[in-house]
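*Asks:* The structure under discussion is supplied below as structure tokens; questions concerning it will follow.
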Number of protein chains: 4
Amino acid sequence: MLHFDNDYLVGAHPRVLEALCEDNGREHTGYGLDDVCEHAVQRIRMECGTPDAEVRFLVGGTQTNRTVIDSTLRPFEGVVSAESGHISVHEAGAIESSGHKVLTLPHHEGRIDADDLRSYLDAFEQDENHDHMVRPGMVYVSHPTEFGTLYSSTELHAISAVCHDHGIPLYLDGARLGYGLAAEGTDVTLKTIAECCDVFYIGGTKVGALFGEAVVVTRPHRRDGFGIDGFFTQIKLNGALLAKGWLLGLQFNTLFTDGLYVDIARNGVEQAMRIRRGFTEKGYRRLYDSPTNQQFLILDDATLSRLRKDVSFSFWEKYDDDHTIVRFATSWATRPQDVDALLELI
Amino acid sequence: MLHFDNDYLVGAHPRVLEALCEDNGREHTGYGLDDVCEHAVQRIRMECGTPDAEVRFLVGGTQTNRTVIDSTLRPFEGVVSAESGHISVHEAGAIESSGHKVLTLPHHEGRIDADDLRSYLDAFEQDENHDHMVRPGMVYVSHPTEFGTLYSSTELHAISAVCHDHGIPLYLDGARLGYGLAAEGTDVTLKTIAECCDVFYIGGTKVGALFGEAVVVTRPHRRDGFGIDGFFTQIKLNGALLAKGWLLGLQFNTLFTDGLYVDIARNGVEQAMRIRRGFTEKGYRRLYDSPTNQQFLILDDATLSRLRKDVSFSFWEKYDDDHTIVRFATSWATRPQDVDALLELI
Amino acid sequence: MLHFDNDYLVGAHPRVLEALCEDNGREHTGYGLDDVCEHAVQRIRMECGTPDAEVRFLVGGTQTNRTVIDSTLRPFEGVVSAESGHISVHEAGAIESSGHKVLTLPHHEGRIDADDLRSYLDAFEQDENHDHMVRPGMVYVSHPTEFGTLYSSTELHAISAVCHDHGIPLYLDGARLGYGLAAEGTDVTLKTIAECCDVFYIGGTKVGALFGEAVVVTRPHRRDGFGIDGFFTQIKLNGALLAKGWLLGLQFNTLFTDGLYVDIARNGVEQAMRIRRGFTEKGYRRLYDSPTNQQFLILDDATLSRLRKDVSFSFWEKYDDDHTIVRFATSWATRPQDVDALLELI
Amino acid sequence: MLHFDNDYLVGAHPRVLEALCEDNGREHTGYGLDDVCEHAVQRIRMECGTPDAEVRFLVGGTQTNRTVIDSTLRPFEGVVSAESGHISVHEAGAIESSGHKVLTLPHHEGRIDADDLRSYLDAFEQDENHDHMVRPGMVYVSHPTEFGTLYSSTELHAISAVCHDHGIPLYLDGARLGYGLAAEGTDVTLKTIAECCDVFYIGGTKVGALFGEAVVVTRPHRRDGFGIDGFFTQIKLNGALLAKGWLLGLQFNTLFTDGLYVDIARNGVEQAMRIRRGFTEKGYRRLYDSPTNQQFLILDDATLSRLRKDVSFSFWEKYDDDHTIVRFATSWATRPQDVDALLELI
């Protein structure tokens, strides 16, 4: 069976595992208060160009979204997201469970649009009933989006400007950030993200780590500024504080040494591009234009059932009576020969 | 100034106030555990044809929605509503604040459609990711809807059947129920509602009471059945338990004596029909076809600014560049001469 | 039957009811945004000596505590209270339901002690694990306490000083405040309370109103200061916003005209003092020394069962094998002849 | 520096790490739905003697407590715990954050007492105000307790009987369960726990795993019985669902092969007993009598400051003016020579 189900099919990149093994017998302070984490924080600050950023390591994506959003919003505020955003659809109500509404905007191939956002925020302010409505208190974007698409630097800056005009922090979910940074033609770097966003996370789970996400609060001390009060305690009470926190530091240290994080993501992107080209050449259509490791393809039902015998991938939704949208996901670990085999099957 | 802003512009119906005045010096047990409430419960049970129903009196609508929904849902469940539903738009996130997502369906002149609902619930069950999504655990309808429209008995039964096929309770928000029951041509009675719904409330605040809503849990003891565990305590912890609970019993007792509730609502409907006819005859268009006390009209901007000098009513939203949707609300207390004066102005 | 069960046995003071009746047909803006409320706000500000205070009217006590505390605390904070505090014992978990721990201190006849509080807050700061603990974010006192006892002005100032040294707002629950202000020998006035507290409420339900509590945020705009962001919306989402808000304004307006609030409370205190003297003269012991409208007495079981035939009052708890602590409550509405009759029975 | 700070100072037991390394390149289904987890579930069911138990793997202890408790309780229920319980003191309000009060009983060397529990539950039922109070909906015990002490089988059965007489599930926090099972003289086995408890967890983080806790719901399908509805989704929405769930399965599989879990815990206990004997022989007193890997000792201040130079351990609290209670923790990884060195220092 060829597996293109998702981007968390295997364990860690060998160098990450090696770091965990080498360190295994060493004693550390718990809860991320150790030297290894401190070191990883420094590297991430440097890569982001934000020497004062508060950086914290959490275990998983839903946990991170829940913790960051609930720690930021006041009880009467909600978070604005594309209707296709992960927090809106596939986190089992984690945001609502912590008391906050997800306020949705239409998505444009997975992205929100700065003009839509501005209209929405302006309309909210002008609505004479807005005191009876959920106040937008944060904006959430994912990069890459849930459809594998990317924002341009211009788009991110525009969204950031709208947010800051309205005094609302911008949060970027980078569960698959490596694949975004490694995409061909993107002009968005970690520094772009750190400039635009008040808080974001760098995904480890899907890009070389066993598990782990690094949250970066870019401007925790600016005067007018966004910061997460009592973030450590908020992580704890959300059940997101790993006892052996250095395990996260070790992994991010390795991923942010010698550019490993983006380097290994490149394989994910390359294999995805091969799949895209392969299907396109055979005349299959794509849903949206993803330059990253997730490819959404429209398959006729005959092809679909034929492929299912040898390949596993995700069903997304029915496209029409005879066609289905499916997702092929690659990762840093995808073997080129598996893609060869897939392409031979179509 | 003529006031058509809303349906809670004045105090109580004189007979309700009289009941409060007569009783004022009498001593009662608190928290609704008194004889007056017991009497009101019996009357309501009888009117609904549900001798075993659990009936509780709360103070206001948002409070009631919040308490009923949070008391019913399990932590991983959400409530399905029309996207125009009050809980979705104008309750400041009360439902999310108690931990639950409002799952929206498109509205059809304010109503949800049984087929849409069935498709949604079926799709949820079939979605291979549904364990990562918010499970629909209750269905919410309002009758009249937020646009003044009504369900037919057939429509309510159809929605009820879908709910019960899926093992999901149906909840009806009757903030303006009186105006629904008093509408011309409706075939929905209190008994229809009690048959179709697992829980609903009869709105007092907008129909003759100073304040107050009566929640009816229709089948609290049926074997397979819906019931709200610890409802009294849930009301208390939501801050919805009135110390002098008999004030609510007195009001509902009066409203449910000699058919007062529907009788007085009739005036609200009649005055609304006069407004509708008046505007229609002058060529103004309506948004949707409301047979109840809220009329949504499309006014050109000249008319709008002219009327605003002498009449107060609600801005709803822009219809197009030159037109605006506005709402005129009447109530049991609307004076016919005020409607005369309004109609003369147009 | 003689009723000394509680202090919310009857409706409203006649003048309050009169005000409601007179106004009944008049049209008002909803949600407390009307002129009557504005007027009541001005009166309360004047009485408190806080011309800039934010004043809001809510319906009941648990609702008010829940809304104020949840609106103030950040997600990782709790509220400090005497272990006997209403929020700790008899609000069915309303505070925890909104996400916050009630952190308890031992009570001294219902009061917390400034030294205990300082020790607790200092110990918290010094505890090396405090980032794993609930941070105290507000201090709650009730005045009168749940045992009818009162703070002195010195005590309140001392608690206030500890709070402000630690940057923590002080909140006073004045459900029975009238009886505290009317007590003999007290040196605590509304102005004392407004000086010491960042937020407090003046109870109406138990002191002459049909229902209603007035929340006063004393220093909403001071630079370093405490304020409740989006308080209106927080009231709404807690289900605590009364549609016909002017009903609350009318009542507080009346209560704060010509000193009615304290005047009528005086009867409650006087009748309580008569009960206290009567029982004391017969040799019955008291639990604590309450100068207000609640008297906790220790009855032998023979007396207890004899009295129960003609008098209703609250069982509090067993004192020892043969004695029980019971509560007699009076109010503004207590008839002197009922106290006469009670005293004859003992 | 000698480290006796806690029992999560190093990574994983070598065999656990080996299992992770061997499997690292293998592809698995996510979210614990893989064969490895299934295998681990089977082993745990067998060890517990509960072939039908629902077993789920989570990442950490606070997360597990929060998820289990919130998934079990209804909105108006709280969890009963010793006042010294981890959920009451050191989880930053995770339980309250999810809406539930921790109802405390006095502790007896860390344990709750079945008679105290019965009295509390009976008193609750008999309290005429109990509908205004938080209903006890679950009982929480830790074994070993936070003080390292253990329940006897008789004690656990007694607590279980009280719980079941009152229809309340019993939950056991086994963060350090291995050290409890490996203690000399204990008659509590996994089977005892599975018999007595409705749900419990077997701690991995502190007993040989990198991280991970195995939750066992013992009687998910019994007719009258306890079960956690939608547990998978509840884990997800609490941010506690590990994407690469098989990492947890692999670790528990290894720990439950050839008795490794208890075997390695034995070293923790042995080294703790050496510390206990060493200090006792020198005349130092102990707080309570712990047969497990945590030893609470009372040190005079001179000894304390002398030891601090070479040894790190936890400050617990002041005992009196000249003495301090401190904690020495050992683990499966504690080196005997470190204990030698410690004992030489005293």
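*Asks:* Given labels modelled 7 Å from the Cα in the Cβ direction, how far is it in nm from B:Ala123 to C:Ser305?
*Replies:* Going by the 7 Å Cα→Cβ label model, 6.9 nm.
*Asks:* Could you tell me whether chain C comes out rounded, prolate or oblate from its Cα gyration tensor? Rule is a ≥ b ≥ c as square roots of the eigenvalues, rounded for a/c under 1.5, then prolate if a/b exceeds b/c, otherwise oblate.
*Replies:* The shape class here is oblate.
*Asks:* At 1.4 Å probe size, with every protein chain present, just tell me what the per residue accessible area of the stretch D:178-313 comes to in Å².
*Replies:* Details: 4370 Å² over 136 residues.
For the stretch D:178-313, the per-residue accessible area is 32 Å².
*Asks:* Mind checking which lysines have their Cα closer than 26 Å to the Cα of D:Lys282? Skip sequence neighbours fewer than 8 apart in that chain.
*Replies:* Straight-line reach from D:Lys282, under 26 Å: D:Lys309, D:Lys318.
*Asks:* Net charge around A:Glu281, counting only other residues with Cβ within less than 15 Å of its Cβ (Lys, Arg = +1; Asp, Glu = -1)? Can you show the working numbers first?
*Replies:* Numbers: positive: A:Arg274, A:Arg276, A:Arg277, A:Lys282, A:Arg285, A:Arg286; negative: A:Asp340, A:Glu344.
Charge balance near A:Glu281 sits at +4.
*Asks:* Enter the Cα centre distance for the pair the stretch C:318-342 and the stretch D:102-144, rounded to the nearest angstrom.
*Replies:* If you average the Cα positions of each part, the centres end up 30 Å apart.
*Asks:* Shifting gears a bit: If you take every DSSP beta bridge whose two residues both sit in the protein assembly as shown, what share of them, in percent to the nearest 5, is antiparallel?
*Replies:* Details: 100 of 172 bridges.
Of the beta bridges lying entirely in the protein assembly as shown, close to 60 percent run antiparallel.
*Asks:* A further question on this structure: Roughly to the nearest percent, how much of the accessible area of the stretch C:283-322 is carbon and sulfur, given a 1.4 Å probe?
*Replies:* After summing per-atom areas, the C and S share lands at 47 percent.
*Asks:* Let me ask you something else. Ordering C:Phe57, B:Phe296 by accessible area with a probe of 1.4 Å, largest first, what comes out? Mind dumping the intermediate values first?
*Replies:* Numbers: C:Phe57 25, B:Phe296 0 Å².
Solvent-accessible surface, decreasing: C:Phe57, B:Phe296.
*Asks:* Which chain C residue comes nearest the axis with its C-beta when you rotate C onto A, and by how many angstrom?
*Replies:* Residue and rounded Å distance to the axis: C:Gly99, 3.
*Asks:* Mean separation of Cα pairs under 8 Å and 6+ residues apart, divided by the residue count of the stretch D:228-333: what relative contact order is that in percent?
*Replies:* Values: 109 pairs, mean separation 25.9, N = 106.
The normalised contact order for the stretch D:228-333 reaches 24 percent.
*Asks:* Once neighbouring chains are kept in place and the probe is 1.4 Å, which whole percent of the accessible area of the stretch C:14-255 is contributed by carbon and sulfur? Write out the running numbers ahead of the final one.
*Replies:* Details: 3340 of 7480 Å².
Carbon plus sulfur share of accessible area: 45 percent.
*Asks:* Let me ask another. Mind grabbing the interface size between D and A? I mean buried accessible area, both sides, 1.4 Å probe, in Å² to the nearest hundred. Display every interim value, and only then the final one.
*Replies:* On the way: alone 15120 and 15090 Å², together 26590 Å².
The summed interface area works out to 3600 Å².
*Asks:* I would also like to ask the following. Rank A:Asp300, B:Asp258 by accessible area, highest first, at a 1.4 Å probe radius? Present the calculation step by step, with values, prior to reporting the outcome.
*Replies:* Values: A:Asp300 45, B:Asp258 125 Å².
Output order, biggest surface exposure first: B:Asp258, A:Asp300.
*Asks:* Check which residues have an amide H placed less than 5 Å from C:Arg135's amide H, if you skip close sequence neighbours.
*Replies:* Under 5 Å from the amide H of C:Arg135: C:Gly78.
*Asks:* First select every other residue whose beta carbon is under 12 angstrom from the beta carbon of C:His28; then total the charges, Lys and Arg +1, Asp and Glu -1.
*Replies:* Working: positive: C:Arg26, C:Lys244; negative: B:Asp5, C:Asp23, C:Glu27, C:Asp34, C:Asp35, C:Glu38.
Neighbour charge sum, excluding C:His28 itself: -4.
*Asks:* Every other copy gets compared here: list the nm distances from the A:Pro14 label point (7 Å along Cα to Cβ) to its counterparts, shortest first, one decimal.
*Replies:* 2.3, 9.3, 9.5
*Asks:* Return the FRET efficiency for the residue pair B:Trp316, D:Arg74: r is the Cβ-Cβ distance, R0 is 51 Å, and the value is rounded to the nearest 0.05.
*Replies:* Numbers: r = 39 Å, r/R0 = 0.77.
Here the calculated transfer efficiency is 0.85.
*Asks:* Right, here's the next one. Please report, for D:Ser305, the nm distances (one decimal) from its label point, 7 Å out from Cα along the beta-carbon direction, to the equivalent points in the remaining copies, shortest first.
*Replies:* Label-point distances to the other copies, shortest first: 6.6, 8.2, 8.3 nm.
*Asks:* Follow-up. Quick one: with label points 7 Å out along Cα→Cβ, list the inter-copy distances for A:Arg74 in nm, shortest first?
*Replies:* Spacings between copies for this position, smallest first, are 1.4, 3.5, 3.6 nm.
*Asks:* Give me the lysines in straight-line cross-link reach of A:Lys236: C-alpha distance below 22 Å, same-chain residues under 8 apart excluded.
*Replies:* Correct list for A:Lys236: A:Lys244, C:Lys101, D:Lys101, D:Lys206, D:Lys236, D:Lys244.
*Asks:* While we're on this one: For the stretch A:95-227, build the convex hull from the C-alpha positions and give me its volume per residue in Å³.
*Replies:* 125 Å³
*Asks:* For a quick check, take a GNM of chain A with Cα springs below 10 Å and name the residue from A:Ala302, A:Ala161, A:Ala182 with the largest mean-square fluctuation.
*Replies:* Maximum among the listed residues: A:Ala302.
*Asks:* Next question, about the same structure. Name the residue, out of A:Ala209, A:Ala333, A:Ala123, whose mean-square fluctuation peaks in a Gaussian network model built on chain A with Cα pairs under 10 Å.
*Replies:* Taking springs between Cα atoms under 10 Å, the residue moving most is A:Ala123.
*Asks:* Additional query: If you restrict to DSSP beta bridges whose two residues both lie in the stretch A:14-255, what percentage is antiparallel, to the nearest 5?
*Replies:* Details: 11 of 27 bridges.
Around 40 percent antiparallel, to the nearest 5.
*Asks:* So, counting K/R as plus one and D/E as minus one, what does the shell of residues with Cβ under 12 Å around C:Phe124 add up to?
*Replies:* Working: positive: C:Arg118, C:Arg135; negative: C:Glu77, C:Asp122, C:Glu125, C:Asp127, C:Glu128, C:Asp131.
Within the 12 Å Cβ shell, the charges total -4.
*Asks:* Now for a different question. Along its three principal axes, how long is the protein assembly as shown when you only count alpha carbons? Whole Å, largest extent first please.
*Replies:* Dimensions of the protein assembly as shown along the principal axes of its Cα atoms: 84, 83, 59 Å.
*Asks:* Could you put B:Asp301, C:Asp322, C:Asp34 in order of accessible surface area, largest first, with the 1.4 Å probe and the full protein assembly present? The partial results should precede the final answer.
*Replies:* Numbers: B:Asp301 55, C:Asp322 95, C:Asp34 10 Å².
Highest to lowest solvent-accessible surface, that is C:Asp322, B:Asp301, C:Asp34.
*Asks:* Determine which residues of the stretch A:242-271 fall in the zone a paramagnetic label at A:Arg26 would reach in this model, i.e. backbone nitrogen under 20 Å from the point 7 Å along Cα→Cβ.
*Replies:* Backbone N within reach: A:242-261.
*Asks:* In square angstrom, rounded to the nearest 10, how much accessible surface does B:Lys282 have for a 1.4 Å probe?
*Replies:* For B:Lys282, the solvent-accessible surface is approximately 120 Å².
The values are calculated or read from the model by the stated rules, or taken from the named source; none is laboratory data. This is a predicted model, so every value here is computed, not measured. Because the Cβ atoms are built from the backbone with ideal geometry, glycine has one as well, and the counts that use them run over all protein chains shown. Remember, those area values only see protein heavy atoms, side chains included, never the ligands or the DNA or RNA. Shrake-Rupley method; radii C 1.70, N 1.55, O 1.52, S 1.80 Å.
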